[in-house]
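The values are calculated or read from the model by the stated rules, or taken from the named source; none is laboratory data. What you see is a predicted model, and the numbers here were worked out from it, not measured in a lab. So basically every Cβ, Gly included, is an ideal-geometry build from the backbone, and we count neighbours across all protein chains shown. When the accessible area is computed, the model is the full protein with side chains, heavy atoms only, and any ligands, DNA or RNA have been set aside. Shrake-Rupley method; radii C 1.70, N 1.55, O 1.52, S 1.80 Å.
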Amino acid sequence: MTIKKDEAPMIEIRNLHKKFGETEVIKGIDLSIRQGEVVVILGPSGSGKSTVLRCINRLEELTSGSITVDGYDLYDAQTDINYVRSEAGMVFQQFNLFPHLSVLQNVTIGLTKVRRKSKAEAEGIALKLLEKVGLPDKANSYPDQLSGGQKQRVAIARSLAMSPKVILFDEPTSALDPELVGEVLDVMKKLATEGMTMVVVTHEMGFAREVADRVIFIDQGVIQEEGDPASFFTNPSNPRLKDFLGKVVSH
Amino acid sequence: MAFQFKSDVMWETLPLLTHGIELTIYLTVAGLLFGFIIGVTSGLARISRNPVLRSVSLVYIEIIRGTPMVVQALFLYFGVPLAAGVRISPITAGVITIAVNSGAYIAEIVRGAIESIDPGQAEAGRSIGLTRMQTMIHIIWPQAFKRMIPPLGNQFIISLKDTSLLTVIGVAELTRQGQEIVAVNFRSFEVYLTIACVYLCMTLSIAKVLRMYERKLSSRSSR
């Protein structure tokens, strides 16, 4: 089978299984994500949706199956996992900014240590990215001086600094006060319109409806339903999805 | 004959202790320097992915923590040379004892501080492509080191006081020198009181310096 690289999926997950001890959390997931696609993963807590995301850059080791990112097989001994990770950015629920580094240093550290850029060049790139996420004046602040929304925007700038091929968002707004959610979603929407490939685990139905190209519902370790947001939300056929949407919308 | 406290004996004793004080400081500084290197190495070995390194360091730590330092000093000074056929000076044996002994405790301090850092920090480091080593050097260690300072200060103070146990192998440090002075003038009350004051000055200085250092570190990182 020969496929041109452009047509090859950015992320290809085949028959993914993941066990924690005896408990099987992921029970066979196949998922293929094209370049530039925005995929939102929904599901009740404990459904395994974050685990899928964490397997994509090997923060979690899969039990069986295969994952390729931009053509690199994550479990091929030839693959430099550090390189693949630098190409697949991750944004965490708890931000995970480096508290001992300034905002600027949080963004430049990957550029200087992984991409081997000069300090001046790295700072130039970082300042542009901070401007993009709306925080040009926070370069010299430290993470503990920022609000949650600002922290998450710095975290997005930090992963953008590596010019990743894809960014994985693991419940990026779940730890935020409600009034701070919008500023983070706005940055994410901007990225989506610029053509960034994004995989987003979230509970933000508005974001899913408005921005996603495809919505996936995971429950009990398998994909229960997937489709474009219009049909997904308006006439869900799967009873579990109906139940889930009913609960989410009601509060 | 009633006991009479003579404060002038204390002032007369102090200059006679100079060599002992110097030696105590030397044993502490040299011992802790090597102890820190041993401690960081075995602390990192304790959390390494390599099971052999993990068990070697665990065995070392358990043996040292489970035996008295006096016995360790006697074994090193009298026992090991007998088996190995080389004599070492009491001072060398003393430095090694302090180093090996404090190293085990420092290893646990290092391990504890590193493990106390939120795993999300390492994940964030790895997710931008830093290697395990880079993540340790640039992300985990700077944060963990700050948390190590108070327990390290504690260990420095303990090791300083433990140098007095080296009298058993005849190291002429502060306590030993005091014993020799008492053997001549029989003023045990004044002499040991003087020695206690000298130890107290040294331990308080360590505490003070570390507090200043800690304050300097925290002001640099978060403002």
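Away from every other protein chain (no Cβ under 14 Å) and among the hydroxyl-bearing types (Ser, Thr, Tyr): does that describe residue B:164?
Considered against the rule, which asks whether it is away from every other protein chain (no Cβ under 14 Å) and among the hydroxyl-bearing types (Ser, Thr, Tyr), residue B:164 comes out as yes.
Just to be sure before I move on: is residue A:133 of a type in the set (Val, Ile, Thr), in contact with a Phe, Trp or Tyr (Cβ under 9 Å, 6 or more places away or on another chain) and more than 10 Å from chain B (Cβ to nearest Cβ) in the structure I sent?
No: the conditions fail for residue A:133.
Which of the residues spanning region A:5-41 are acidic (Asp, Glu) and touching a residue at least 60 places away in the same chain (Cβ under 8 Å)? Talk me through it step by step, then tell me what you get.
As a first pass, look at region A:5-41 and keep what is acidic (Asp, Glu): A:6-7, A:12, A:22, A:24, A:30, A:37.
Hits for region A:5-41 are A:24, A:30, A:37.
If you go through region B:110-131, how many residues are under 28 Å from residue B:32 (Cα atoms) and open to solvent by 30 Å² or more (accessible area, probe 1.4 Å)?
Kept after step one, since they are under 28 Å from residue B:32 (Cα atoms), are these residues of region B:110-131: B:110-117.
Checking the rest, the ones that are also open to solvent by 30 Å² or more (accessible area, probe 1.4 Å) come to B:111-112, B:115-116.
Total satisfying the criteria: 4.
So residue A:122 ticks every box in (1) closer than 19 Å to residue B:120 by Cβ; (2) within 14 Å of chain B (Cβ to nearest Cβ) but one. Which box is left unticked?
Unmet for residue A:122, out of (1) closer than 19 Å to residue B:120 by Cβ; (2) within 14 Å of chain B (Cβ to nearest Cβ): (1).
Here is a check on your reading of the model: is residue B:54 within 14 Å of another protein chain (Cβ to nearest Cβ), open to solvent by 50 Å² or more (accessible area, probe 1.4 Å), over 21 Å from residue B:26 (Cα atoms) and over 16 Å from the mean Cα position of the chain (by Cα)?
So residue B:54 does not fit the description; no.
Could you tell me which numbered condition residue A:180 fails, if it satisfies all but one of (1) in contact (Cβ under 8 Å) with a residue 12 or more places away in the chain; (2) open to solvent by 40 Å² or more (accessible area, probe 1.4 Å); (3) of a type outside the set (Lys, Arg)?
Single failed check for residue A:180: (2).
Considering only helices (runs of 4 or more DSSP H) fully contained in region B:50-151, which possess at least 3 residues that are at pLDDT 95 or above?
B:51-65, B:69-74, B:90-115, B:119-127
Out of (1) within 14 Å of chain A (Cβ to nearest Cβ); (2) farther than 27 Å from residue B:39 by Cα, the odd one out for residue B:178 is which?
(1)
Would you mind stating whether residue B:194 is among the β-branched types (Val, Ile, Thr), closer than 30 Å to residue A:117 by Cα and assigned to a helix (DSSP H, G or I)?
So residue B:194 does not fit the description; no.
Please determine, by comparing only the residues of region B:182-223 that are within 14 Å of chain A (Cβ to nearest Cβ) and open to solvent by less than 40 Å² (accessible area, probe 1.4 Å), which one is nearest to the chain's Cα centre (by Cα).
Among those residues, the one meeting the criterion is B:217.
Can you tell me which residue is nearest to the chain's Cα centre (by Cα) among those in region A:30-60 that are among the acidic types (Asp, Glu) and either within 14 Å of another protein chain (Cβ to nearest Cβ) or surrounded by fewer than 19 Cβ atoms within 10 Å (Cβ to Cβ) (or both)?
Across region A:30-60, the extreme among qualifying residues is A:60.
Only one residue in B:27, B:33 is closer than 16 Å to residue B:155 by Cα, touching a Gly at 6+ places or on another chain (Cβ under 9 Å) and part of a helix (DSSP H, G or I). Which one?
On the way: B:33 fails: touching a Gly at 6+ places or on another chain (Cβ under 9 Å).
That would be B:27, the only listed residue that is closer than 16 Å to residue B:155 by Cα, touching a Gly at 6+ places or on another chain (Cβ under 9 Å) and part of a helix (DSSP H, G or I).
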